[in-house]
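The values are calculated or read from the model by the stated rules, or taken from the named source; none is laboratory data. All figures in this text were calculated on a predicted structure; none of them were measured in a lab. Cβ sites come from the backbone with ideal geometry, for glycine too, and all protein chains shown count toward neighbours.
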Amino acid sequence: MKKNPIVEKLRKEVPESIRRDVDFSFELVDRIHQILVKQNKNQRDLAKMLGKSEAEISKWMRGTHNFTLQTIHRIEEVLGERLILVSVQPV
C-alpha cells in the first residue's frame, strides 16, 4: 500500500505514545477481521453473537475504538479464538 506523504508527515508529529495506541487498536481490529474471514463470518454475525447493533460493531471496526478488556474477552469468547496473547516473563 502506497503511503500518503502528507499523512506520513502528520503522523511523525504525533507523540509516540499516541501512535502506539492507535497502531495497537488497528492491529486488534485487523485480528478480529482475520478471524471473521477465517470463520466465514462478517460484522453482522459478530453483532448478533455479541447482542450488539451492527452500527456499533461498524464503529468498533474503524480502528479507533478504545476496547475495554471485558469487551476483548467477550469477543474472544464468541469467536472462540484469542485476540491478545499475554506472556508473563519471570522477574
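Residues in the range 1-57 that are within 22 Å of Arg82 (Cβ to Cβ), outside any helix (DSSP H, G or I) and of a type in the set (S, T, N, Q): Gln39, Asn40, Asn42. Residue pairs whose Cβ atoms lie under 7 Å apart, sitting 6 or more positions apart in sequence or on different chains, and linking a residue in the range 15-40 that is under 11 Å from Gly63 (Cα atoms) and surrounded by 14 or more Cβ atoms within 10 Å (Cβ to Cβ) to a partner that is polar (S, T, N, Q) and modelled with pLDDT under 95, are Ser25/Thr64. Of everything listed in (1) hydroxyl-bearing (Ser, Thr, Tyr); (2) outside any loop (DSSP other than H, G, I, E, B); (3) within 11 Å of the chain's Cα centre (by Cα), the single unmet condition for Thr64 is (2). Is it true that some residue in the range 2-20 is at pLDDT below 95 and under 15 Å from the mean Cα position of the chain (by Cα)? Yes, the conditions are met somewhere in the range 2-20. Quick check, is Gly63 among the small types (Gly, Ala, Ser) and in contact with a helix residue (DSSP H, G or I) (Cβ under 8 Å, 6 or more places away or on another chain)? Yes; evaluated as a whole, the condition is true for this residue.
Pairs linking a residue in the range 54-78 that is more than 18 Å from Asp21 (Cβ to Cβ) and surrounded by 15 or more Cβ atoms within 10 Å (Cβ to Cβ) to a residue that is among the small types (Gly, Ala, Ser) and at pLDDT 95 or above, with Cβ atoms under 6 Å and 6 or more positions apart or on different chains, are Ile57/Ala47. Restricted to the range 59-75, and to residues there that are at pLDDT 95 or above and not hydrophobic (A, V, I, L, M, F, W, C), the residue that is nearest to Val86 (Cα to Cα) is His73.
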